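Report on the following structure.
Taken together, the values in this text are just the output of simple stated rules run on the coordinates, not laboratory data. Treat the numbers as computed from the prediction; the structure is a model and nothing was measured. Virtual Cβ from ideal backbone geometry, glycine too; neighbours counted across all protein chains shown.
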Amino acid sequence: MIEVFLCIVKLGAIGTSVLIEYLFDELADRKIKIRVFSTGSKMKDAEESEFESIVKLNPDLILLVTPSAHTAGPRKAIEILKKRRLIVITNEITEEFEDHLRDEGIGYIVVEADSMIGARREFLDPTEMCIYNSDIIKVLSVTGVFRLIQFEVDRIIRNLDKKIELPRIRVNSMIATEFSGLKNPYARSKAMAAYEIASLVSKISVEACYKEKNRKNYTLLASTSHELMRIAAKLSDEAREIEKYNDTVLRTPHAKNGKILGKEKLLEDLRTLK
């Protein structure tokens, strides 16, 4: 018997988009139904009727994952999807639109480190795109962003029959690493550094994609942004290795009933966390 129905809507692509549906049923045995709607890399080509059809499915919760949630495409989707319980996950929103989401009773999680890719044809091909996303996924995993999303969404799912506050979080390096489970202070410092470096990538990617007109210059800038993300991923890997050496890697799988289990030592038994 399915207990929860979760819909995930992806407009365009950020690092969080790639694996988000798997955060809530990683072992494929939980009593949860998940359906995913995606527009691929484009953010504006979905029809209003498509969003209406998602609402008509009557999900318990909708997650909208999109870059720049304050722009036209996501705004159109939000105005329709807000008819159901809705959380927007994005890499940036304006303060004005943040106030709008709050006034409308919509939840949001803004992940500053989920930076824009270096989208210039002279630099970005499918292979480079995949490498960049593999790096950003490692950063979001080790720094605690994915666990933050897991915990916040599961908190809502556990309380679907109650009037509960939706998350309204701007994630910085301190907040992210609170969810990372990293015990060693040097490991956490490396993870925080990784998050901060990843957050800088957008500034360079935006300049490469929208401001710089010289072909050689914008190609170099796009490449620079990806090199920074690679370093952030390397620092993330180093942080996790420290925890492995100390046998303190936090694991938080789901039980079949949806409860979050946990352990730190590799060979110890799981216990119920939430």
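Which lysines, on any chain, are close to K190 with Cα under 29 Å apart, when same-chain ones fewer than 8 places away are left out?
Counting by Cα, and skipping residues close in sequence, K190 has these lysines nearby: K138, K203, K234, K244, K263, K265, K274.
When the distances between all Cα atoms of the chain are binned every 10 Å from zero, what whole-number percent does each bin get?
7, 28, 35, 23, 7, 1
Trypsin sites (Lys or Arg not before Pro), restricted to segment 167-236: which are DSSP loop and have at most 10 other Cβ atoms within 10 Å?
For trypsin sites (Lys or Arg not before Pro) across segment 167-236 that sit outside H, G, I, E and B with at most 10 neighbouring Cβ atoms in 10 Å, the list reads K213.
By the scheme Lys and Arg +1, Asp and Glu -1, what is the net charge of all other residues having a beta-carbon under 14 Å from that of N58?
+4
For segment 1-46 and segment 131-150, what is the separation of their C-alpha centers, rounded to whole Å?
When both Cα centres are located, 16 Å separates them.
Once you place label points 7 Å from the Cα toward the Cβ at E264 and R158, how far apart are they in nm?
2.0
Rounded to the nearest 500, what is the 222 nm mean residue ellipticity of the chain from helices alone, with -39500 (n - 2.57) per DSSP H run of 4+ residues and division by all residues?
-14500 deg cm²/dmol
What's the magnitude of the charge dipole for the chain around its Cα centre, counting Lys and Arg as +1 and Asp and Glu as -1 at the beta-carbon? Answer in Debye, nearest 20.
In total the dipole reaches around 380 debye.
For L23, what is the net charge nearby, where nearby means another residue's Cβ is under 10 Å from its Cβ and Lys, Arg count +1, Asp, Glu -1?
Summing Lys and Arg as +1 and Asp and Glu as -1 gives -3.
Starting from the Kirkwood radius over alpha-carbon pairs of segment 179-274, derive D by Stokes-Einstein at 4 °C in a medium of 1.567 mPa s and give it in µm² s⁻¹.
Rounded to a whole number, D works out at 83 µm²/s.
Enumerate the calculated ³J(HN,Hα) couplings along segment 42-54 in order (Karplus 6.51 cos²θ - 1.76 cosθ + 1.60, θ = phi - 60°), each rounded to whole Hz, writing x wherever the residue is Gly or Pro.
Once θ is set to phi - 60°, the couplings for segment 42-54 become 8, 10, 10, 9, 7, 8, 4, 4, 5, 5, 4, 5, 5 Hz.
Round to the nearest 0.05 the FRET efficiency obtained for N172 and T94 when R0 = 25 Å and r is the Cβ-Cβ distance.
Efficiency computed from Cβ-Cβ geometry: 0.90.
Among L23, I34, I117, which residue has its Cα furthest toward the positive end of the charge dipole of segment 1-156, with +1 on Lys/Arg Cβ and -1 on Asp/Glu Cβ?
The residue sitting most towards the positive pole is I34.
Can you give the net charge of the other residues whose Cβ lies under 12 Å from the Cβ of L182, counting K and R as +1 and D and E as -1?
Value of the local net charge: +1.
Please compare each pair in K42/K213; K42/K82; K56/K82; K163/K259; K76/K211 to a cut-off of 18 Å on the Cα-Cα distance and tell me which ones are over it.
Violating the 18 Å Cα-Cα cut-off are K42/K213; K42/K82; K163/K259; K76/K211.
If you average over every viewing direction, what projected area does the convex hull of the Cα atoms of segment 1-143 give, in nm²?
Hull-based average projected area comes out at 9.4 nm².
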